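Below is one structure; the comments refer to it alone.
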Amino acid sequence: MPPLRVLHLISPTGYYGAEGWVIAQSRHLDPERVEVHLAATRENSDPRPEILERADLHEIPTHEVRLNGRFDLQGPRRVAELANSLGAQIVHT
């Protein structure tokens, strides 16, 4: 049976408890059973989120969802397109 594909989606404001939990969970899931991808939102002027840098260190596939401001109405469409392109079966927020 192929692994379940999970896309973790987070809108980080730094690297705190939730971000650490997402990394820990992603690292400790059985890769034969679960294929994990991590996406973080990023407004155009913001630096790359630290959670993505830390995920890269653990070889967790990362993705950025670019937003044009906090209330970008195209954001959900971008998340859906990413999930579809990855074949994600679960989007965990």
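Tabulated values for the structure
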| item | result |
| --- | --- |
| Span-rule helices in the chain, defined as complete DSSP H runs reaching 15 Å or more along the axis (Cα) with Kyte mean at least -0.5 | 17-28, 75-86 |
| Sites ARG70 and ALA24 - FRET efficiency at Förster radius 22 Å, r taken between beta-carbons, to 0.05 | 0.20 |
| Three-way shape label, the range 1-44, alpha-carbon gyration tensor, a/c 1.5 | oblate |
| Net lengthening on full extension, ARG48/MET1 (0.36 nm per residue, minus Cα-Cα) | 13.4 nm |
| By accessible area with a 1.4 Å probe, ligands and nucleic acids excluded, highest first: order of GLU35, GLU50 | GLU50, GLU35 |
| Cα gyration tensor of the chain - equivalent ellipsoid semi-axes, whole Å, descending | 22, 17, 9 |
| Area of THR13 that stays accessible when all protein chains are in place (1.4 Å probe, Å², to 10) | 120 |
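The values are calculated or read from the model by the stated rules, or taken from the named source; none is laboratory data. Quick caveat, the model's predicted, so the values are computed rather than measured. Backbone-built Cβ (ideal geometry, glycine too); neighbour counts: all protein chains shown. These area figures cover heavy atoms from the full protein model, side chains too; ligands, DNA and RNA do not enter into them. Shrake-Rupley method; radii C 1.70, N 1.55, O 1.52, S 1.80 Å.
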